[in-house]
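Take a look at the structure below.
The values are calculated or read from the model by the stated rules, or taken from the named source; none is laboratory data. Just so we're clear, the structure is a prediction, and the values are computed from it rather than from any experiment. Please note: Cβ atoms are built from the backbone with ideal geometry, for glycine as well, and neighbour counts cover all protein chains shown.
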């Protein structure tokens, strides 16, 4: 998603863009329209902030996405499983129509592909997996990309937007600082007996957070579909994945304290290993990393894709400004502006998520008291809540 957004932004600014995607192209919008009346949700969803939504509107794809299926959420309920601390955020508290939207990744990819196909300066190549990258240091200073199917391409600037296991990052010799949480996130779509109330729910436990995110089924009289992200230690994740669907749903209901009543699975479960990693640099001459290729973090706040979209927007702006000034878009001096602009915000978010993870993952009585007291204080302080909400929305307080 991040790479496609960046490709669209650059193409709309007049750059010639080649998109290499190892995956097959997504279904066309017409084909998708025939399936969206049924609850066949993508198990991979993202919580987009209003800041991310604004950029998608600027790129001209938000309206097409909203016409397919997105779910706004107006409230957030967060509570500590090991105490009485809780906090309730509402869009009304910051005079906003909503706090964000839950978006299915495949639908966002579909509308981005649709937009890219309309632009003659974009060349789309699916089923192309990178095998080798050759950089020549001469007058052209170009990069040659070779794929496993024999295809090859030359470019002035290579951008790696290929996820946490980035091939571009590996082949170009970038180093990372990383560690495993020894945890997995179990992801699937469920139905709930009670309507979700367009609320994003999160319960913190010492093993990890459980997030229940609302989904929208157009035309339904009430909304009962949700996406879950259940982070837990490897042993617990393995045991949960081995359970029959009905038993897993019962465990999920118990872990969620039956806030929405009995639950049932709509899709198969997927377990994703959790780790945090950060490239020591995002750029080299002729190469830049964006999104998960540059940084991954714990999903407890759902900010990964929003950080990636912020990367993409920043890099697109840096490259557009460089071209207007007649500067080399592949020069390290140019690309370092992107690096300087994004390293601070990304590290700040990663450190915040790590602090949350450690604070809520500890069974220390003192820490339990402090985090519960902190949630209660924040819930009573409207000014503080407004600041937290605006930061979570990607907006300046």
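A Cβ distance below 9 Å, combined with a sequence gap of six or more or placement on separate chains, defines the contacts here; from region 52-76, residues that are at positive phi and free of Cβ contacts under 8 Å to residues at least 60 places away in the same chain reach no residue that is crowded, with 18+ Cβ neighbours inside 10 Å and part of a strand (DSSP E or B).
Among the strands (runs of 3 or more DSSP E) confined to region 59-153, the ones with at least 2 residues that are touching a helix residue (DSSP H, G or I) at 6+ places or on another chain (Cβ under 7 Å) are located at 86-90, 100-104, 122-126, 130-135.
For region 233-255, a residue qualifies if it is out of contact with any strand residue (DSSP E or B) (no Cβ under 6 Å at 6 or more places or on another chain) and outside any helix (DSSP H, G or I), and the qualifying residues are 243, 244. When you go through 294, 341, 378, 331 one by one, which is the residue that is closer than 20 Å to residue 168 by Cα and either touching a helix residue (DSSP H, G or I) at 6+ places or on another chain (Cβ under 6 Å) or at pLDDT 95 or above (or both)? Result: 294 is the single residue among 294, 341, 378, 331 that is closer than 20 Å to residue 168 by Cα and either touching a helix residue (DSSP H, G or I) at 6+ places or on another chain (Cβ under 6 Å) or at pLDDT 95 or above (or both). Taken as a whole, the structure leaves residue 47 outside the set of residues that are surrounded by fewer than 20 Cβ atoms within 10 Å (Cβ to Cβ), in contact (Cβ under 8 Å) with a residue 24 or more places away in the chain and touching a strand residue (DSSP E or B) at 6+ places or on another chain (Cβ under 7 Å).
Residues are listed down the side, and each one gets a yes or a no for (1) at pLDDT 95 or above; (2) buried (at least 21 other Cβ atoms within 10 Å of the Cβ):
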| position | (1), (2) |
| --- | --- |
| 72 | yes, no |
| 81 | no, no |
| 95 | no, no |
| 101 | yes, yes |
| 106 | no, no |
| 112 | yes, yes |
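Every residue in region 203-232 that is touching a residue at least 24 places away in the same chain (Cβ under 8 Å) and either surrounded by fewer than 18 Cβ atoms within 10 Å (Cβ to Cβ) or assigned to a loop (DSSP other than H, G, I, E, B) (or both), please. Correct list: 205, 206, 207, 208, 215, 216, 217, 218, 219, 222, 223, 224. Every condition in (1) modelled with pLDDT of 95 or more; (2) farther than 30 Å from residue 338 by Cβ is met by residue 231 except one, and the failing one is (1). Can you name the residue in region 260-274 that is surrounded by 15 or more Cβ atoms within 10 Å (Cβ to Cβ) and within 16 Å of residue 231 (Cα to Cα) and, of all such residues, is farthest from the chain's Cα centre (by Cα)? Looking at residues that are surrounded by 15 or more Cβ atoms within 10 Å (Cβ to Cβ) and within 16 Å of residue 231 (Cα to Cα), I get 269.
Taken as a whole, the condition of being surrounded by 15 or more Cβ atoms within 10 Å (Cβ to Cβ), within 20 Å of residue 160 (Cβ to Cβ) and either without any contact (Cβ under 8 Å) to a residue 24 or more places away in the chain or under 21 Å from the mean Cα position of the chain (by Cα) (or both) applies to residue 322.
Among the numbered conditions (1) part of a loop (DSSP other than H, G, I, E, B); (2) modelled with pLDDT under 95; (3) in contact with a strand residue (DSSP E or B) (Cβ under 6 Å, 6 or more places away or on another chain), the only one that residue 268 does not meet is (3).
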